Structures are given as C-alpha cells and as structure tokens.
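Participant: Structure below; questions to follow.
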Amino acid sequence: MPTWKREDAAELSSESVEALIRNEIPAVRISGFASAEECAAFTNAVYNSPDLKSYSVETPTHYLGLVMYEYRQGGGRKAEFFDAAPAAVAAQQKLYDQSFDVPSRFREMLGPYYDGPIVVPIEPGYGSYCPVVVRIASNGVHLHADFAPYNSPGWEIGAIEAQITWNLYTQCPSVGGQTTVYNAPWTPAEDDDPARGLPDSTVESDPTVQSFTFAPNVGEIVLFNPRNPHKIAAGSASEGRVSIGSFLGVNANNDLLMWS
Ligand SMILES: [Fe+2]
C-alpha cells in the first residue's frame with residue numbers, strides 16, 4: 001500500500017496541488033473560500049431550484065447539474081449526456097445569479113497554483129462537458145472510487161493520467177457528514193463493472209491502509225484524490241449537506257480538465 005507523506009491536510013500551494021495529484025498527501029483544505037452569507041444564499045437557491053434530480057443509487061442523493069455516473073453505465077449514453085449539458089449549465093447559472101459564480105471563483109483561485117490551463121473538456125463530435133455538479137448528500141454516500149481511465153474509457157476524460165476532486169461546502173450537518181478517504185488507489189476487480197466504481201471494501205478495516213477523515217466547514221473547499229476509495233457518513237436527518245464541485249484530471253498536455 002502507498003504511504004502519504006503526512007497524515008493531515010495541507011494548505012493550498014503549488015506543491016500541495018502537485019502532491020495531491022501524485023497521491024502523496026491526503027487532502028488540501030481551503031478555509032474561507034466563501035462567506036457564510038454567500039453560502040446561505042447558494043444553499044437556499046439549491047433547495048428552491050426546480051432542477052434537482054436524484055441519483056439511481058439506493059441512498060437518496062439529489063444533485064443539480066449533470067453527472068457522468070448516470071450516463072456511463074451500461075455502455076454509455078454519450079449523445080444524451082452532451083445533449084443535456086447546456087440545460088444543466090443553465091440551471092446552475094440560476095444558482096450563481098442568486099449567490100455567486102462558484103466555478104469562476106474557484107478557477108481564478110486555483111489558476112496560480114497549477115502549471116497549466118484549467119479547461120472544461122470537449123468531447124469531439126458531441127460538445128462540452130458540464131464543469132461542476134451540486135449535491136445534497138444528507139444521507140451519506142457509499143464507499144466508491146472515481147478514476148476516469150477505468151470508469152469512462154472511450155470518453156475524452158478517460159485519457160487523463162491523474163484525477164483529483166474539489167468541493168465547496170455550503171451547508172454542513174452538525175453531526176455526521178464526514179468524508180473518509182482510504183489510501184488504496186482503486187484498480188477494478190476483473191469480474192466487476194468499472195462504471196460502478198466499487199472498490200474492495202476491505203480497505204475500511206485493513207490496518208495497513210491509511211485513512212483520512214474530515215468534517216467539512218461551511219465556506220470551505222476540500223480537495224482529495226478520488227481514485228482512493230471514499231465515503232460520506234450520513235448526517236442527522238433534519239440537517240442538509242450541500243456541496244458543489246467537480247473532478248480535475250491531468251491530461252497528457254498537462255491541462256487540468258474540469259468535469260462532473
Ligand atoms: Fe466520489
């Protein structure tokens with residue numbers, strides 16, 4: 001098993017972004033990315049949006065935008081995905097109009113710390129990806145891993161060489177809602193469907209596997225390497241957990257591709 005050089009999260013720097021891409025550290029935390037007022041306005045806009053959708057997984061999880069997870073299953077519905085992208089982007093724009101433009105601020109902030117352009121990828125012959133997704137994950141999310149070369153071969157993003165993820169938290173439960181990341185980079189089992197992204201669950205109880213757990217704070221961004229199996233603990237039923245974020249993949253040109 002690999003070993004992180006440190007057990008806690010690092011602050012944002014060029015070195016920490018590079019180390020996260022190489023899976024040498026568990027996470028990067030950026031506190032105070034957005035104010036409490038901005039987060040409250042964003043959260044409110046999410047709950048009032050007519051565009052919320054549900055994931056096709058057992059735990060009720062709502063999202064606003066477009067997620068490849070839903071379209072890469074069963075061989076993939078590429079045309080449907082890219083046909084739906086413009087409406088997803090427009091629905092998210094309505095949230096920004098009521099609060100602030102989260103992905104623009106994020107790209108401006110991260111830009112100086114990454115040696116390459118941050119771009120929303122285009123699927124040749126189809127169109128642009130949706131750069132971010134908004135999630136309400138109050139009930140937690142099961143253990144899974146995200147790595148496009150395995151779960152999305154045949155898509156433009158499947159050609160990336162490393163993947164990290166970021167999320168801004170705009171509402172957090174007071175109890176539960178922690179994310180745990182296990183330092184055991186996912187390789188799909190031979191008899192498994194990699195589109196589902198289900199890692200070996202023994203990592204959760206293997207004492208040789210390092211883990212990192214964080215309880216996010218409102219207004220904070222946390223980045224980690226999602227090829228590592230990760231899960232979200234359920235929060236109390238009456239409190240929400242709202243986040244907005246994306247994947248960031250490094251391609252052969254050192255571009256950082258941003259998609260959800
Ligand atoms: Fe994930």
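The values are calculated or read from the model by the stated rules, or taken from the named source; none is laboratory data. Please read all numbers here as calculations on a predicted model, not as lab measurements. Ideal geometry is used to build each Cβ from the backbone, glycine not excepted, and the neighbour counts take in all protein chains shown.
Participant: Which number in (1) at pLDDT 95 or above; (2) within 16 Å of the ligand (Cβ to nearest atom) marks the one condition that residue 253 misses?
Facilitator: Answer for residue 253: the failing condition is (2).
Participant: Now for a different question. Out of segment 58-91, which residues are under 16 Å from residue 247 (Cβ atoms), small (Gly, Ala, Ser) and in a helix (DSSP H, G or I)?
Facilitator: Those that are under 16 Å from residue 247 (Cβ atoms), small (Gly, Ala, Ser) and in a helix (DSSP H, G or I): 85, 88.
Participant: Pairs needed: first member in segment 176-197, over 24 Å from residue 235 (Cβ atoms) and touching a residue at least 60 places away in the same chain (Cβ under 8 Å); second member anywhere, of a type in the set (A, V, I, L, M, F, W, C) and outside any loop (DSSP other than H, G, I, E, B); C-beta distance under 6 Å; at least 6 residues apart or different chains.
Facilitator: What qualifies is 184/203.
Participant: Go through (1) among the basic types (Lys, Arg); (2) surrounded by fewer than 21 Cβ atoms within 10 Å (Cβ to Cβ); (3) touching a residue at least 60 places away in the same chain (Cβ under 8 Å) one by one and return the number of the condition residue 77 breaks.
Facilitator: (3)
Participant: Out of curiosity, is residue 158 away from the ligand (no atom under 14 Å from the Cβ) and surrounded by fewer than 18 Cβ atoms within 10 Å (Cβ to Cβ)?
Facilitator: Working: away from the ligand (no atom under 14 Å from the Cβ): yes; surrounded by fewer than 18 Cβ atoms within 10 Å (Cβ to Cβ): yes.
For residue 158, the condition - away from the ligand (no atom under 14 Å from the Cβ) and surrounded by fewer than 18 Cβ atoms within 10 Å (Cβ to Cβ) - is met.
Participant: Regarding segment 186-194, can at least one residue be identified that is at pLDDT 90 or above and surrounded by 17 or more Cβ atoms within 10 Å (Cβ to Cβ)?
Facilitator: Initially, segment 186-194 is screened for residues at pLDDT 90 or above, giving 186-188.
Still in the list and also surrounded by 17 or more Cβ atoms within 10 Å (Cβ to Cβ): 186, 188.
Yes, that holds for at least one residue.
Participant: Okay, moving on. Do you know which of the residues in segment 170-226 that are farther than 21 Å from residue 132 by Cα and among the small types (Gly, Ala, Ser) is farthest from the ligand (Cβ to nearest atom)?
Facilitator: Of everything passing the filter in segment 170-226, 174 is farthest from the ligand (Cβ to nearest atom).
Participant: Another question, if that's okay. Looking only at segment 1-25, how many residues end up being out of contact with any Asp or Glu (no Cβ under 7 Å at 6 or more places or on another chain), closer than 18 Å to residue 211 by Cβ and part of a loop (DSSP other than H, G, I, E, B)?
Facilitator: Selection size over segment 1-25: 10.
Participant: Let me ask another. Considering segment 139-155 alone, what residues qualify as being more than 10 Å from the ligand (Cβ to nearest atom) and touching an Asp or Glu at 6+ places or on another chain (Cβ under 7 Å)?
Facilitator: 155
Participant: Evaluate the following for residue 233: is it surrounded by fewer than 22 Cβ atoms within 10 Å (Cβ to Cβ), among the small types (Gly, Ala, Ser) and either away from the ligand (no atom under 16 Å from the Cβ) or at pLDDT 95 or above (or both)? It would help to see each step written out before you state the result.
Facilitator: On the way: surrounded by fewer than 22 Cβ atoms within 10 Å (Cβ to Cβ): yes; among the small types (Gly, Ala, Ser): yes; either away from the ligand (no atom under 16 Å from the Cβ) or at pLDDT 95 or above (or both): no.
Criteria not met by residue 233.
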